[in-house]
Amino acid sequence: MPTAIRSLNWPHLLLLLALWPYAALTAEAGWSPDLVLGGGTLGALLWLMLWERLLPLRQQWQARPAELKRDGAFLGINAVADAAAGFVLTGLALYGANLQPEAGLAAGLPPLLALPLAIALGELGPFALHRLAHRRPWAWRIHELHHRPTKLNAANSVLAHPLNVIWNKLARVLPWLLLGFDQTTMLWAALFMQVQGIAVHANIRGSLGPLDRLIGSAELHRWHHSVIEAEAHNYGTAIPLWDQLFGSYVRRPGEQPRTVGIFGGQVRAAKARDP
């Protein structure tokens, strides 16, 4: 087998390909949107954790039992936070429908156009908030929890402050509601983005090759967690579009940051605000 093919991150690629039959099968079975989203996210997490054992990038990044217990607790906590944000969004959607019952600008778009547009717009708000969180002490106070681990793996991808989860969901879904995307488009855009959020943290060897110019990859996202401030960019997770447009795209094929965690400037800022 050619070296270029062997070096691909096949677990990530196969996971993305599996979303299409998963969509067809769950539609045929009549699953609810919550079940589709929850089942797909949990399935992706377990799939990637399996391959982290088989093809780890760094053995020292393997999740330990105590860390899995911590990450499992945050998975549950943040599921509640996500549901709370969903409740707020449902209320806003109903209120908006009463004020402006006509279809939005995205209503009626063909799926091949609607889905990539929904993903791009759904990434923009979280991308902007992510950049803000690295620049404003009040936001960093919330976001820094996600950067505390000195290893990256699928399990600790869910390690985030509940407020971080809530603001990301609101920033992602509100534009969809305002523009009138249909429920199916929103569901599959959300699942793609959640799966990507796990996959870009996975401790698996290989890359997506030139495909990571279009979609997020672990090879790209590891730079975001670098302890060297000049490397810690790539604020997007699902796609790199907004990093490319706003000058924060870091792509170094075949290279990895030496150390991940919280970089020095963030540590100093944290100490400066604490009594």
Tell me, how many Å apart are the Cα centres for the range 43-69 and for the range 193-263? 18
Cleavage-rule hits, GluC sites (Glu not before Pro), the range 96-200, DSSP coil, Cβ neighbours within 10 Å at most 11: GLU102
Amide H contacts under 5 Å for SER207, restricted to residues at least 5 apart in sequence or on another chain and with H modeled in the peptide plane, are LEU8, ASN9
Can you list the trypsin sites (Lys or Arg not before Pro) in the range 222-258 that are in a DSSP coil and have 11 or fewer other beta carbons within 10 angstrom? ARG258
Name the trypsin sites (Lys or Arg not before Pro) in the range 114-216 that are in a loop by DSSP and that have at most 15 other C-beta atoms within 10 Å, would you? ARG135
For the range 140-275, with equal point scatterers placed on the C-alpha atoms only and solvent neglected, what are the log10 I(q)/I(0) values from the Debye formula at q = 0.09, 0.21, 0.22 1/Å, to two decimals? -0.29, -1.40, -1.48
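Go ahead and run the numbers for FRET between ALA84 and LEU46, Cβ-Cβ distance against an R0 of 22 Å, rounding to 0.05.
Values: r = 25 Å, r/R0 = 1.14.
That gives a FRET efficiency of 0.30.
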Label-point separation (nm) for LEU245 and TRP10, each offset 7 Å from Cα along Cα-to-Cβ? 3.6
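Bear in mind these aren't lab numbers, they're just calculated from the coordinates by the rules spelled out. All values derive from a computational prediction rather than experimental measurement. Virtual Cβ from ideal backbone geometry, glycine too; neighbours counted across all protein chains shown.
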